[in-house]
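Rule-based calculations on the coordinates, nothing more; no lab input. All figures in this text were calculated on a predicted structure; none of them were measured in a lab. Glycine gets a Cβ as well: all are built from the backbone with ideal geometry, and neighbour counts include every protein chain shown.
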C-alpha cells in the first residue's frame, strides 16, 4: 500500500511526464513545419499542400501548448496550496 508521500511523488511524476510530453509535441510540430517549408521550397509539394499541412501542424502546436500550460498551472496551484496548508 502506498503512503501519502508516495502518492504525492507519483502525482508529481505524472505531472512532470505530462509537461514533458506537451513540450515534446510542441517541438515536434515546429520541426515538422520546417520540414514542410523545405519540401515546398524544393518543389516536392504544392503551395496549397504546404499551407494545409502547416496549418494543421500549427493547430497541433497550439493545442499542445495550451495543454502544457494547463498542466503546469495546475501543478503550480497545487504546489502553492500545499505550501499554504503547511505554513511554508
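Quick one: compute the contact order of the chain, relative version, from alpha carbon pairs under 8 angstrom and 6+ residues apart, as a percent. Kindly include the intermediate steps, with their values, before the conclusion.
Details: 45 pairs, mean separation 33.6, N = 88.
Across the chain, relative contact order equals 38 percent.
With a 10 Å cut-off between alpha carbons and a GNM built on the chain, which of 30, 15, 76 moves the most?
76
Simple spin-label model, 7 Å along Cα-to-Cβ: residue 85 to residue 8 in nm?
About 0.8 nm, to one decimal.
Over its Cα atoms, what ratio of radius of gyration to 2.2 N^0.38 Å does the chain give?
Dividing the Cα Rg of the chain by 2.2 N^0.38 Å gives 1.61.
Calculated from DSSP H runs of 4 or more alone, at -39500 (n - 2.57) each and per residue, what is the 222 nm mean residue ellipticity of the chain, nearest 500?
Theoretical 222 nm ellipticity from helices: -32500 deg cm²/dmol.
Under a plain spin-label model, where a point goes 7 Å from the Cα along Cα-to-Cβ, how far apart in nm are residue 20 and residue 74?
So the label points at residue 20 and residue 74 sit 1.8 nm apart.
Which residue fluctuates most in the GNM of the chain (Cα springs below 10 Å): 65, 25, 77?
Looking only at 65, 25, 77, the biggest GNM fluctuation is shown by 77.
Which angle between 0 and 90 degrees, to the nearest 10, do you get for helix 4-41 versus the longest principal axis of the chain when only C-alpha atoms count?
Tilt relative to the chain: about 10 degrees.
If I fit a long axis through the Cα atoms of helix 47-86 and take the longest principal axis of the Cα atoms of the chain, what angle between them do I get, 0 to 90°, rounded to 10?
With rounding to tens, the tilt is 10 degrees.
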